[in-house]
Every structure is written in structure tokens, then in C-alpha cells.
Amino acid sequence: MPAELLLTARQFRVERRPYVINGRPHPLEVIVHPGAAVVLPILDDGRIVLIRNRRPVLDGEALLEVPAGTLDDGEEPLICARRELAEETGYRAERFTLLTSFYSSPGIMTERMHVFLATGLTPGPTALEPGEEIAVEATPLADALAAVREGRIQDGKTIITLLYYACFRRDGSATGVER
């Protein structure tokens, strides 16, 4: 039995997919998402470039986040990372390093997030999309990690990105793929 299309939206679709678990049919609703690129921009002085992003879904609450965006159809994550960094922060990066990839919520969706470290930053103009309200905030890494610990950063991709970097990359103990 093929998947049943339940909804098509601008950035995703919802399908009901047939699965057999323990020999019994088990239909499952799945959000099919093209994936996303996440960027951890680091200035030459070591500060992290975060954005304060007003989220209409959360009744307009502004979250402190790393820049990120949804992949366009067939787009490579690195291309998306370059675009989102420039659009949301105005910065351009000389170097992008793939740090890690992860599934955002594998119990209900296919979205895979690709996390890039961006260095060699130069400032420029932002190019926000209609409806975006974003302010750029350069923050010392220690302050960003304190914000995670204290619950002031509540965005999952940002928490994962900051903690991954602090645990595996800051001291150079892990390697990524230079792009």
C-alpha cells in the first residue's frame, strides 16, 4: 500500500505511511521535510553570532537562535547555509565546516539538520524574508552556554549546535569537513 498524501504545505507535506510492526499493520502520519542547514557563525574575536528571532507560532515569542533555514528543492545543505547566514545576519563567511547532522524529531518527521561552522566572517546587509523579525546579537560562547544552562535558549537546534561545538570542536578534538 502506497503512502497517502494528507497535506501539502509550502515547506513540507504530511503523508500517512503503512508500516508493519510486530507483524501488525500500523499506519503512521509522517511530516516529510526537505531538511535544513544550521550555521554557527564565529567572529574572529571568538564571539558567536546569534539571532533573536520572533516566532509567530509561539505567539510572537522571540527566541535566541543560530541562523538556519529550510533547504530548497534539491539544494545542497552548504548552499542553504551560505544563503541563510547572509539573509539572516548579513555576514558572509570565508569558510564553512560541516560539524554534524541530526534528525530534529524522528518520531514524526524526516527533517535532517546539517550544522556548519562559519568562520572568516565579513559583515554586510541582511535580506530578511517577508514576515521575518530578526535582530543580530554577537555573544561570547560562555554567555551562550550559560543561556542554554539557564533555559534562556530554548531552541533545540541552537542547544544542540552550541553544546556540540563546546564539547567536540572548541578544543579541536573533533574534525569536520572543510568546505
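The values are calculated or read from the model by the stated rules, or taken from the named source; none is laboratory data. All figures in this text were calculated on a predicted structure; none of them were measured in a lab. Every residue, glycine as well, gets a Cβ built from its backbone with ideal geometry; the counts of neighbours run over all protein chains shown.
Values as computed for the structure displayed
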read-out: Strands (runs of 3 or more DSSP E) wholly inside segment 1-68 containing at least 2 residues that are closer than 20 Å to Ala127 by Cβ and either out of contact with any helix residue (DSSP H, G or I) (no Cβ under 7 Å at 6 or more places or on another chain) or β-branched (Val, Ile, Thr) (or both); value: 36-41, 48-55
read-out: So His114, is it in contact (Cβ under 8 Å) with a residue 24 or more places away in the chain, surrounded by 14 or more Cβ atoms within 10 Å (Cβ to Cβ) and in contact with a Gly (Cβ under 9 Å, 6 or more places away or on another chain); value: yes
read-out: Lone qualifier among Gly156, Gly90, Gly74 - being within 30 Å of Leu6 (Cα to Cα), surrounded by 13 or more Cβ atoms within 10 Å (Cβ to Cβ), assigned by TED's automatic domain parsing to the domain that holds Pro41 and of a type outside the set (Ser, Thr, Tyr); value: Gly156
read-out: Test: residue in segment 93-104 that is under 23 Å from Ala144 (Cβ atoms), in contact with a Phe, Trp or Tyr (Cβ under 6 Å, 6 or more places away or on another chain), in contact (Cβ under 8 Å) with a residue 60 or more places away in the chain and not aliphatic (A, V, I, L, M); value: yes
read-out: Filter pass, Arg82 being surrounded by fewer than 16 Cβ atoms within 10 Å (Cβ to Cβ), basic (Lys, Arg) and either within 13 Å of the chain's Cα centre (by Cα) or over 22 Å from Tyr164 (Cα atoms) (or both); value: no
read-out: Yes/no for Arg95 being over 19 Å from Leu71 (Cα atoms), surrounded by fewer than 16 Cβ atoms within 10 Å (Cβ to Cβ) and at pLDDT 95 or above; value: yes
